[in-house]
Amino acid sequence: MEELLVPKSIQFETKSLSGLSNLKGNKAIIVTDQGVMEELGFLDQAISYLKNSNLETKVIDGVEPNPSVKTVMKGKEKMLDFNPDWIIGLGGGSTLDAAKMMWAFYEHPELNFEEVIEVNSLPKLRNKAKFAAVPSTSGTGSEMTAFAVITDAKEKIKYPIVSPELIPDIAIIDPKLPATMPKQITANTGMDVLTHAIEAFVSTNATDYTDPLALKAIKLVFKYLRTAYKKGDDIKARTKMHNASAIAGIAFSNASLGIVHSLAHKIGGELDITHGLANAILLPYVIDFNYETAEEKYKTIKHITGEQNLSEAIKELNEDLNIPSCFKKLDDINENEFKKILDRMSENALQDACTLTNPKEPNVTDMKEIYKQAFYGK
Ligand SMILES: [Zn+2]
């Protein structure tokens with residue numbers, strides 16, 4: 001049996017943040033970042049909307065990028081003290097992911113982190129609270145997905161927690177929030193959206209229900225990412241990119257991803273390269289590797305974008321976004337370090353869960369070859 005899982009309510013376009021004033025309950029807790037949402041005034045806006053719906057509100061702030069198990073457990077304790085019936089995640093992908101897991105452990109305080117790592121091992125949520133996600137970046141799609149990525153700080157390992165229980169009840173896709181993203185974050189997160197959409201479209205788990213979503217997201221990125229990057233205050237481009245991120249989120253949460261993500265997860269961790277940036281550089285090389293196996297699907301993408309050569313078109317898009325064509329051109333990249341870790345990293349990338357749904361089944365030599373191409377450029 002196939003199934004498409006999405007949030008119960010998706011509220012979008014300008015003023016959708018005011019959707020918070022329609023929540024029904026007694027107490028809400030807002031989980032947010034290390035001061036960005038507060039500085040931009042969005043935290044105060046969220047609080048006042050919640051006041052309109054007569055919810056007593058508390059804030060958990062300070063969620064760091066790549067949130068740790070410790071942050072999650074601290075948040076759980078605060079939730080247990082306050083006893084909210086709404087959890088509001090307000091911030092980028094990291095903040096939303098941390099909020100999801102604080103919620104999970106608030107619902108089940110007896111569990112420890114090791115017990116939820118296995119896919120689909122989370123017990124039922126929503127016995128105490130529901131979850132609303134308000135993303136401030138147009139990238140991870142966490143507001144739509146069944147995933148939360150948490151880092152074990154001691155082991156330096158990122159654990160993707162996967163469960164349909166983690167799909168938010170309400171997603172609020174208000175473009176005013178990402179309109180404040182700095183230029184290079186707009187570029188990197190936008191290329192993450194494109195990678196989600198393309199990998200979901202060519203995934204071996206793609207369905208008739210995810211394909212049109214993936215295609216729409218691809219089309220929106222090609223049409224609006226350059227403008228969102230060059231003219232950050234263009235609210236139409238920001239709206240389209242924020243929608244594209246969420247739509248791609250539904251597609252990949254249901255269809256899964258491919259080896260761009262497998263390779264990006266590992267090189268990102270080893271050489272400290274931002275997720276979206278690693279994807280952007282790897283994407284054209286992986287398309288060349290997969291092309292013949294998924295030719296019909298890539299032809300459809302070419303058709304809807306009007307591009308003749310997809311990997312070349314993505315390289316041009318990267319260039320316009322000031323993203324280098326290969327890893328070697330990044331600042332602070334150490335070639336000797338890359339050579340040293342290449343074998344281990346290729347093995348680890350092959351073992352990544354995203355490899356399972358890549359259209360062409362790679363072996364370790366393939367992974368190594370793609371890493372080399374993307375490192376030196378070809
Ligand atoms: Zn991604």
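Derivation of every value follows stated rules applied to the coordinates shown; laboratory data play no part. Being a predicted model, the structure only gives us computed values, none of them experimental. Virtual Cβ from ideal backbone geometry, glycine too; neighbours counted across all protein chains shown.
Data overview
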read-out: Directionally averaged projected area (convex hull, Cα atoms, the stretch 9-173), nm²; value: 8.5
read-out: Within-15-Å neighbourhood charge of Lys124 [Cβ basis; K, R +1; D, E -1]; value: -1
read-out: 0 to 90° range, to nearest 10: angle between helix 211-230 axis and the chain longest Cα axis; value: 90
read-out: For Ile281, Ile60, order by how many other beta-carbon atoms lie within 10 Å, fewest first; value: Ile60, Ile281
read-out: Helix 259-271 vs. the chain, principal-axis angle (Cα, 0 to 90°, nearest 10); value: 80
read-out: Relative contact order %, the stretch 216-328, counting alpha carbon pairs below 8 Å whose residues are six or more apart; value: 25
read-out: For the chain, Kirkwood radius (reciprocal of mean inverse C-alpha pair distance, Å); value: 20.8
read-out: Dipole of the chain, positive end: most advanced residue of Gln351, Ala197, Leu177 [Cβ charges, Cα centre]; value: Leu177
read-out: Filtered GluC sites (Glu not before Pro), the stretch 1-106: DSSP coil and at most 10 other beta carbons within 10 Å; value: Glu2, Glu3
read-out: Long pairs among Lys154/Lys266; Lys74/Lys158; Lys74/Lys128; Lys78/Lys158; Lys27/Lys231; Lys223/Lys368, criterion Cα-Cα beyond 28 Å; value: Lys27/Lys231; Lys223/Lys368
read-out: Length gained when the stretch Gln351-Glu38 is fully extended (0.36 nm per residue, less Cα-Cα span); value: 108.7 nm
read-out: Calculated from backbone phi, Karplus (6.51, -1.76, 1.60) coupling profile of the stretch 105-121 in Hz, x at Gly/Pro; value: 7, 5, 5, 10, x, 6, 7, 10, 4, 4, 7, 10, 5, 5, 4, 6, 8
read-out: Antiparallel DSSP beta bridges within the chain, percent to nearest 5; value: 20
read-out: Charge context of Tyr298, other residues only, Cβ under 11 angstrom, K/R +1, D/E -1; value: -2
read-out: Size of electric dipole in the chain: Cβ of Lys, Arg +1 and of Asp, Glu -1, about Cα centre, debye, nearest 20; value: 860
read-out: Separation of alpha-carbon centers, the stretch 299-328 and the stretch 122-149, rounded to whole Å; value: 31
read-out: Choice from Thr145, Thr355, Thr293 showing the highest fluctuation, given a GNM over the chain with Cα pairs closer than 10 Å; value: Thr293
read-out: Cβ-derived FRET efficiency at R0 35 Å, Asp331 paired with Thr365, nearest 0.05; value: 0.75
read-out: Net length gained if the chain between Val119 and Arg226 were fully extended (0.36 nm per residue, minus Cα distance); value: 34.9 nm
read-out: Gain on full stretching of the segment that runs from Lys51 to Glu2 - 0.36 nm per residue minus C-alpha separation; value: 13.6 nm
read-out: Exposure proxy ranking, count of Cβ atoms within 10 Å, fewest first, for Leu310, Leu177; value: Leu310, Leu177
read-out: Local electrostatic count, Lys154, Cβ distance below 14 Å [Lys/Arg +1, Asp/Glu -1]; value: 0
